[in-house]
Every structure is written in C-alpha cells, then in structure tokens.
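Everything on this sheet refers to the single structure shown next.
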Amino acid sequence: MVIAKDWVLALLNPSPLGLAVAIVLALTIPLFLHTFIFRASGLVSLPSILLLGPSGSGKTSLLTLFERGANASTHTSQSPIAVECSLPVGAIARTDKYRSMNDPTNLTHKKFLLLDTPGHGKLRHHALETITNPQNLKGVIFLLDAANMAAGDEGLRQTAGYLHDVLLLLQKRMSNGTSKAPKEMAILIAANKMDLFTALPAALVKSSLETEITKLRVSRSKGLLDSGVNMGDDGEDNDDWLGEMGSKDFKLSQMEEFNIMVEVACGNVTGNANVEKWWKWVGDRL
Amino acid sequence: MLDTFEILTTSGVVLWSRSFSTISPAIINGLITNVFIEERTLPGAGIADDVSAANNPPYKHDQHTVKWTTSKELGVIFVAVYRSLLHLSWIDKLVDNIKTLFVDLYGDQLRKPHTTVVKCHFDEYFDQQLQELEKSAINKDIKVAESTAFLEKAPASVAGELRDEPPPLPGLLSRGQSKNNYNDLTSNDSSPARTPSGSRPSTPAGHLLTGKANPGGKTSRRARKAANTPTYASSGEESGAKKNRAAKAAAPKKGRRWDADGLADEDSDTPLDYSTHANDATSGEEDGTTRPGGMEEVDQETWGSRTKKGQFVLKDLDDQVHSILSSADTKKVGSATSGGLVGSSISAIGGLFRNVVGGKELTKEDLDKDLKVVEDHLLRKNVAREAAIRLCEGVERELIGVKTGSFESPQARIQTAMEASLKKILTPTSSLDLLREIDAVTSPSSLSLTKRRPYVISIVGVNGVGKSTNLSKICFFLLQNKYKVLVVACDTFRSGAVEQLAVHVRNLKELTTREGGVVELYQKGYGKDAANVAKDAVAFGAQEGFDVVLIDTAGRRHNDQRLMSSLEKFAKFAQPDKILMVGEALVGTDSVAQARNFDAAFGAGRRLDGFIISKCDTVGDMVGTLVSMVHATNVPVLFVGVGQHYNDLRTFSVKWAVEKLLDIKK
Ligand SMILES: Nc1nc2c(ncn2[C@@H]2O[C@H](COP(=O)(O)OP(=O)(O)OP(=O)(O)O)[C@@H](O)[C@H]2O)c(=O)[nH]1
Ligand SMILES: [Mg+2]
C-alpha cells in the first residue's frame, strides 16, 4: 500500500526527469514527422510543363537548352527528369501580362518545372502517368522530329501513333474527369530540327499528322478487342474514338471540343537555336 | 587508343566527355537501348548495381567495343568506347577509377534535384588516370615486379595511414615545404599582394635557402598572414601577441621560449623590422617543436583550397587522385565491418520503426526473404523459373540501397517494382497496328516509290499448339475488314493438314462473303518443299492482287534439328513481313527453350516478330507463359487466343497481363 502510494507520488510529482523527457519528446516528434513524411514531397507548388515525344526528337536537348541557354550533348534517356527552368527576359508569363513595366517582380523570372520523359516505346508510361496523375500541370509539349515525317515514313506512323495515344488520354481525362480535371489543357506540337533541309514546315507537319491520325483511328476502331476487355468481368465501354464522333477526317481543332487547345509551332534546338515560339507558348501557360 | 569516354546520366544528359576521335552517337545510344532498356545482351540488367566494368559484359557495335559501369544511386553511366581490334588491358581499371573519382568529386552536385548541370573540371583527373594506367600497362611489360610494387603500393600505403594524411612519400614532404616557404619568402619581402600561385620553385638554391629559413608548417601560413596585414606599425605587436596565444594553445609547454623571444625582440629598432623579425623567429621556433602536426594541417589546407579552384600541379593531383581511390577502397572494406553493438541495436530499432513508417533503406537481407515469396508467386503463375529469377534479380538490383517512401512497407515497394519490371519487359518497343501496316504495304503512298505488293504473314510453332486455328482467327479478322486474303498450306508434311485448312477456309468463306471478304486457299498437296510452295504462293498472291498472304507451316519440335533448319530457307524464300510464333499458354517451363530455338531458326538477320499465345482461356490467371517467352527472346506478344471461335482473338494488353500475374484487383 505504502509502496503504491510512493509510486503514485513519484508519478504525479513534477520530476525534472519527466519534464526533460516531455520536452525532448515535444521537440523531436515534429522533427521526426518532418523527416519521415514531408521530406519526400518535394517542390509540388511550381507549375510544370510536360515534355514528351518519340525517341530522338530532341526532348533532352531542348530541356538542357531551356535550363542553361545552350544545349548539351545527349543520348537516349532511360529515366524522366524534372528541371527547374525560368522564363527568359523576353517572354512574359500570362499572369504577369497586366503588371506595370516597372513592377520589380518582372525582373525575377517566372520559374517552372520542365518534365522530360523517355521516348523509347518501353518507357512511355512515365509520360502517360504524368498525364493521368498530374501535379500542377500547365501544358504539354509534344516534340517531334520534322525531318523524319515524310509520307509513308515509319517515323510518321510512330509519331502519329504516340500523338494519338496522348491526345486520347487527354481527351478521356477531360471528358470524364469530374472535379480533378482542369478547365482547359494546352498541348504544343513542336516540330523540331528545322535546321535540317529535309524538315517539313509546320503546316505540312500538321496536315500529315492529321491524315495519319485519321487513318489510325479508323484502323484502331476496326482492330481486335483488347485482351483486357471481355475476359475480365466488366466490358467497360470502349470510347476510344479520338476527336469528333462520326467525323470523317481528323482535325487537331476537333480537340477543342474537349477543351484541349492544340498548337503547332516549329523550331530547332541545335545549330542556331530557334525556340522563341516555344518560349512564348510556355510563357502563355504560366 | 581510346576513342571516347563519356559520363552521362540515365536521363540522357552528357555530363562530361572526352573524344579522341569522333564516333557515331548511335554506339552509345545502342548501348542504352540494347543493354539497359531492352535488356538484350544482359537479361535483367537495367541500371543495376555498381558492378565493376570488368564484370559488365562489353557491348559491341560495328567495329567498336563499349565498356561501361554505372552508379545506381546517382543514375550515372560511365562509358569507354574503343576499336574492337585493340586490346586495352587497363580499360576496366580506367572506367572503374574514373567512376570512383567522379562520384567522389561531384556526388553532391549530382544529388541536387531539379537540375542537370554539373560543374566539373574533370579533364585533369581523367588525363592523370589515363596516363598513369597507360604507363603502368607499358611498365608492366618491361619490368613487371618494380612497376607493380610502385603503382600498387603507393596508394595502399596511404590506405594504411589516416585517411586525411598525405601519403608519406619523401618527395611530397619536401615539395610541400618548399612551396610554403616560397610563399613565405615572398611575403617577408613585403610584397603582400602576391597570391599563392601553386607553382613550385624550380631552382634548387631557392629550395635550399627557404628550407633553412623556416621549413614550413602551420606557423608559416600564419606568419604570412600577419606579414600581409598592411598596418605593420600599429598592429605588429598585436598580431604577434595573438600569435603567441594561438601558439600557446597549440603547444602550452613551450611558453618559456616565447618569453625569451619577446626579450630578444626588444632589441630591434623599428616596429616594422620588429614584426618581420618576430614572424621569422616565432615560426622558426614553433616549427622546431610542433612540426609534424603543423605540417599535416597546412598540407591538407592548401590541398583542399586548390581543389576548389581547380588549378593543379600534376604531382599534387596524383596524390589527390590516389587518396580518393584508396579511401574508396578502405570504405569498401570498412563498410563490411562497421557498427558496434550499440550502433547496430539502434539501427535495428530504427529499422523496425522505418518498416512501418517508411524511409527504410532496403538491404539485400531484407529483400531476399520477400523476393523469395514473390518468386514463388510467379512460379505458381506458370512463369518459367529462369524468367522468375531474372525478374526478381532485376528488382533486387533496383531496390538495394533504395529508401522506402512514407508509410510504404518493403513488400509494397517490391510489389510496385515488380509491376514496373513486368510492364517494362512485356511492353513492345514499338506498338504494332497490323491493319495500318498492311495498308502501308498494299497501298503505298504515291510519294514513296515502292510498288504495291501483298503483306505476308507466316505462322510457326510446335505441333498441336493451334497454328491453323489462330491463322484462321487472324484471317477472319482481316476478312471482316474487307481484305483479300490468300491462305497458303505449307504443311506438306503431316497428312490431313491441308484438308484441315481447307475446312477452315470454307467456313470463313461462308461467314464473310456477305460482308465482302475474299479468301482463297493455295495448296500444292504433300511432299513438296515448303519454302518453294511459299515462294510461289507469294508470287501468285501478288499477281492476283491479294492484300494479305497467310502462310501456315508444319508444326515442328523445337529440338528437331532437321526440321528447324529448313525454316531458314523458308524465311529467305517467302520473305514474310511478319513471322508469328504460336505458343500454348499451358506449356510451362519448356516455353523458354521453344521461343529461343524458333527465334534463332531463321538465320542471321531474321527473327520472330511476335507471339500469339493460344488457349489463354484455359489457364485462368496462370498466364506466366507469355512472360517466359518474352523473357527468352525480347519478342513481343501480339495476340492472345481466348476461345474456340473465330472471333476469340484479342490484341495483347500489358495491363491485363500484369494484373493477372500479380493478382491486382481492378
Ligand atoms: N539537326 C538537329 N538535331 C537535333 C535538334 N534537336 C536535337 N537534335 C539531335 O537529336 C538527337 C536526339 O536528341 P535527344 O534530346 O537526346 O532526344 P530525346 O527526345 O531526348 O530522345 P529520348 O531520350 O530517346 O526520348 C541528338 O543527337 C540531338 O543533337 C535540332 O533542332 N536539329
Ligand atoms: Mg531524352
């Protein structure tokens, strides 16, 4: 009994040891939580621009150009990378358009994250996952090699196939997305390598992509069912038609119906770099 | 000689490179796609563990050989390219050493997020290594014993000492001294603006003289500093006092001597003289007493500061390089034996905690147990053991040293990694749209100069796996899309085969004439050479304006040498656009050998183009065969057969297969 009383007294008395333990705990627990939980979540607040396109189109070159002002030498990418870039002095972010010329914030360049993804067929899921599960995504740049786009070319077919998949994914997300989907999504089709003499001009790139996607969506619609369908329990209705239902020809402008704004602009990364149009587009998104 | 050395990241940016002759970028791109992404030469590779270049298989491209190693943690690849004709015995060592140096020097920069920029002045280091290793190779030939003794003992002896101590080579010692003395001398000559230039005095006279005056050490630097302060007269005494205090702190026993010095100083006339004289005296004095410690410190200091500036004298660079390399060696040894009792128990508790909360660094032991579970799971799904082991090893290599995310258990991490591995292995390099490809061949665009011709598909496989059935399914699909199809019976071997195909064709005709499909059978009976029949059939198809020629071949055991060898001639004669192999979902372990042998049967330069996995409806979730076959050959699965009817053919969906294999519920 006495022992029990002693214990109670000891417990309830303000002992310096207890105090010390309490203080240590109070100080360390937030630190612990911070290191374990919040460390992983990096910079999510910066607006981001996604860079995708077939392998060898110059995405990583463009990334280094945007980051450093000069492009570095590159090889095939295996992993995605996010890089912090800032708008050059010339380009003005859309949100800053109405600022006074003398506003000091004009001098601090608008920052954004540029996400480079591998273009290899096996590794495109990195890019597609960023579309389905975006974090502050402001726009998508689809980079292609305009020198590899001649009619009947394998390059054109592969490029159009990738673009078709990306647009279809965006379309699905925009049309059935309830609250998570943004009001509008912008995609820039950037025709790269204009310095090569075989490169098609932007207008031609656009029209050949449109004809190729027209053929492609027809053959996709006629193709065999996917093995995931029917064999599983539910045969989710496959609404896999890109663009306007029942339209004969595919036009990039049909994507506006789904609030997807598509623009085509040309430029080149190497040689005398000419990327003003792309910078301007990026500026308009921020 | 070496052609090129490049250091690049997995995201594709070249961080540093040195070219001795221009090589095509296709070589390194080929290395990346073939070895790392498609894992053709080294199954299960990927950016794997930090294996020495000697253990990584060299990659050959045309006349070039590529040696490589990786740093998984940093995502960096080190690549050396040279002509295959050359035999460079030192190349592995070079690649490994360069990796150690680069990681040590620029690891911090590489870990920075959201940037691709690594500021490096790596040229000197590279040149040093290249020269040293080349020299060592030559020396080895001439006088084996001596050269190895020097080159390998020098770093080793450093390893024996404390890590931050300079190598106790006599040459270095005198060098360090003379340099410091040189600086000291200039400052004593009252030219304070002179910066330490890093160049050594070349005349032996100067060397000797300064060596006598004050043979270096901590104080010489301090003395220089004091001498450099412009206000000699006013602060001379002060700085002297400070120095005394500092020196006392460093060596308190020598207090009496300082007093004596002070007395001596009183004799001097001018304050200026007094200060310089004091400096000389004190530095000389202290040097005599605390020489080893002072020496050690100053040497390290100058060494470090010059590293940052990136200016080097070759010999000092040598020392730095050796110390980095040897410290990496000791670290390797040390890591195995690190941690006392307390340390290990704390880390054990931390490990348990992290198991739940996340942020645990995965080790081989953690992974082994869990991976065994995953491996057994895959085996139960009918994945061949070889393929299951490869997948698990790949995941292990990917995960060792990786930290789990917040509230992520190691098991969950393994699951996601395995899912990613499966997706990567099953996803084809380029997606196939069969109808688009047929269109491209049968109605070529007016711009390209190719002539219209039929698209040729041939089907191969082991006996009884359902070649004819699946051919009929493809035929039905094509007919529905209004193609004109010629079915060719090239099974001139098994009796009844031609008739069986004839029945299929008759059925298909009945089913599709209403929809406008046209299908004919081409057959030449039994006993003829299949390759010739196929060739004639393709010519006939072109002549008659067919869109697609579908060739059925005789089933053959994959280990039947005679029949397998006839496939090469067949491929040459028929020139199929697609060679598809039918494999049974039921087959199990044999699938790997089947796929491999068929893939290799068409001679150099021709491979399988895809698999059709039949009877998938009969195996439920156990679709492991398709993983085994893709693992064995890197050839994608195009279709899966899911039933007895003509319309029971599906394009293969990676997502579906992965969900079945890992029991992911939708
Ligand atoms: N002529 C020309 N070449 C370019 C241009 N832009 C990029 N290239 C070259 O194209 C090649 C491929 O560029 P990368 O940036 O590595 O291609 P990528 O899109 O990142 O490719 P993956 O990483 O495989 O998806 C490099 O050799 C570049 O030098 C350009 O504007 N003109
Ligand atoms: Mg890239």
Over the range B:359-383, the set of residues open to solvent by less than 30 Å² (accessible area, probe 1.4 Å) and either of a type in the set (Lys, Arg) or touching a Pro at 6+ places or on another chain (Cβ under 8 Å) (or both) is B:Lys360, B:Leu362, B:Leu367, B:Asp370, B:Lys381
When the range B:475-492 is checked residue by residue, the ones that are within 12 Å of chain A (Cβ to nearest Cβ), touching a residue at least 60 places away in the same chain (Cβ under 8 Å) and surrounded by fewer than 24 Cβ atoms within 10 Å (Cβ to Cβ) are B:Phe476, B:Phe477, B:Tyr483
Answer yes or no: is there a residue in the range B:644-654 that is open to solvent by 30 Å² or more (accessible area, probe 1.4 Å), in a strand (DSSP E or B) and within 13 Å of another protein chain (Cβ to nearest Cβ). yes
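Is it the case that B:Leu471 is free of Cβ contacts under 8 Å to residues at least 60 places away in the same chain, buried (at least 20 other Cβ atoms within 10 Å of the Cβ) and more than 9 Å from every other protein chain (Cβ to nearest Cβ)? Reasoning before the result, please.
Working: free of Cβ contacts under 8 Å to residues at least 60 places away in the same chain: no; buried (at least 20 other Cβ atoms within 10 Å of the Cβ): yes; more than 9 Å from every other protein chain (Cβ to nearest Cβ): yes.
Considered against the rule, which asks whether it is free of Cβ contacts under 8 Å to residues at least 60 places away in the same chain, buried (at least 20 other Cβ atoms within 10 Å of the Cβ) and more than 9 Å from every other protein chain (Cβ to nearest Cβ), B:Leu471 comes out as no.
Within 11 Å of chain B (Cβ to nearest Cβ) and modelled with pLDDT of 90 or more: does that describe A:Thr35? Show your work before the answer.
Working: within 11 Å of chain B (Cβ to nearest Cβ): yes; modelled with pLDDT of 90 or more: no.
Here the answer is no, as A:Thr35 does not meet what is asked.
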From the list A:Thr117, A:Thr132, exactly one residue is among the hydroxyl-bearing types (Ser, Thr, Tyr), within 13 Å of chain B (Cβ to nearest Cβ) and open to solvent by 10 Å² or more (accessible area, probe 1.4 Å). Which is it? A:Thr132
Residues (charged (D, E, K, R) and within 12 Å of chain A (Cβ to nearest Cβ)) located in the range B:1-15: B:Glu6
List every residue pair whose Cβ atoms sit under 6 Å apart, with the two residues 6 or more apart in sequence or on different chains, where the first one lies in the range A:131-156 and is among the acidic types (Asp, Glu) and the second, anywhere, is part of a loop (DSSP other than H, G, I, E, B) and crowded, with 20+ Cβ neighbours inside 10 Å. A:Asp145/A:Ser57; A:Asp145/A:Lys193
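So that you can scan it fast, the table gives a plain yes or no per residue for (1) in contact (Cβ under 8 Å) with a residue 24 or more places away in the chain; (2) open to solvent by 20 Å² or more (accessible area, probe 1.4 Å); (3) more than 20 Å from B:Ser628 (Cα to Cα); (4) aliphatic (A, V, I, L, M):
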position	(1), (2), (3), (4)
B:Arg385	yes, yes, no, no
B:Leu391	yes, no, no, yes
B:Glu396	yes, yes, no, no
B:Ser406	yes, yes, yes, no
B:Gln411	yes, yes, yes, no
B:Ser421	yes, yes, no, no
So which residues in the range A:183-217 are within 16 Å of ligand 1 (Cβ to nearest atom) and of a type in the set (Gly, Ala, Ser)? A:Ala190, A:Ala191, A:Ala199, A:Ala202
Matching residues in the range A:233-253 - criterion: being buried (at least 16 other Cβ atoms within 10 Å of the Cβ) and either among the small types (Gly, Ala, Ser) or modelled with pLDDT of 90 or more (or both): A:Gly243, A:Phe250, A:Lys251, A:Leu252
Considering only residues that are facing another protein chain (nearest Cβ under 10 Å) and under 20 Å from A:Ser57 (Cα atoms), which ones fall in the range B:16-25? B:Pro25
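Would you point out which residue out of B:Glu437, B:Glu520 is open to solvent by 10 Å² or more (accessible area, probe 1.4 Å) and either closer than 25 Å to B:Val587 by Cα or within 14 Å of another protein chain (Cβ to nearest Cβ) (or both)?
Going through B:Glu437, B:Glu520 in turn, the sole match is B:Glu437.
Considering only the range B:506-529, state which residues are of a type in the set (Val, Ile, Thr) and part of a strand (DSSP E or B). Explain how you work it out, then say what you get.
From the range B:506-529, those of a type in the set (Val, Ile, Thr) are B:512-513, B:518-519; that's our starting set.
Passing the criteria: B:Val518, B:Val519.
Yes/no matrix, rows are residues, columns are (1) closer than 26 Å to B:Glu584 by Cα; (2) touching a strand residue (DSSP E or B) at 6+ places or on another chain (Cβ under 8 Å); (3) at pLDDT below 80; (4) in the same structural domain as B:Lys72 (by TED's automatic domain parsing):
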{"position": "B:Val383", "(1), (2), (3), (4)": "yes, no, no, no"}
{"position": "B:Ala387", "(1), (2), (3), (4)": "yes, no, no, no"}
{"position": "B:Glu393", "(1), (2), (3), (4)": "no, no, no, no"}
{"position": "B:Glu398", "(1), (2), (3), (4)": "no, no, yes, no"}
{"position": "B:Gly401", "(1), (2), (3), (4)": "no, yes, yes, no"}
{"position": "B:Ala412", "(1), (2), (3), (4)": "no, no, no, no"}
{"position": "B:Leu422", "(1), (2), (3), (4)": "yes, no, no, no"}
Only one of (1) under 15 Å from the mean Cα position of the chain (by Cα); (2) under 25 Å from A:Lys280 (Cα atoms); (3) at pLDDT 90 or above is not met by A:Glu184, so which one is it? (3)
Please list, ordered by first then second residue, the pairs with beta carbon atoms under 6 Å, 6 or more apart or interchain, first in the range B:622-651 and of a type in the set (Lys, Arg), second assigned to a strand (DSSP E or B) and open to solvent by less than 10 Å² (accessible area, probe 1.4 Å). B:Arg650/B:Val640
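The values are calculated or read from the model by the stated rules, or taken from the named source; none is laboratory data. This structure is a prediction, so every number in the text was calculated from the model and none was measured. Glycine gets a Cβ as well: all are built from the backbone with ideal geometry, and neighbour counts include every protein chain shown. Areas reflect the complete protein model, heavy atoms only, side chains present, ligands, DNA and RNA absent. Shrake-Rupley method; radii C 1.70, N 1.55, O 1.52, S 1.80 Å.
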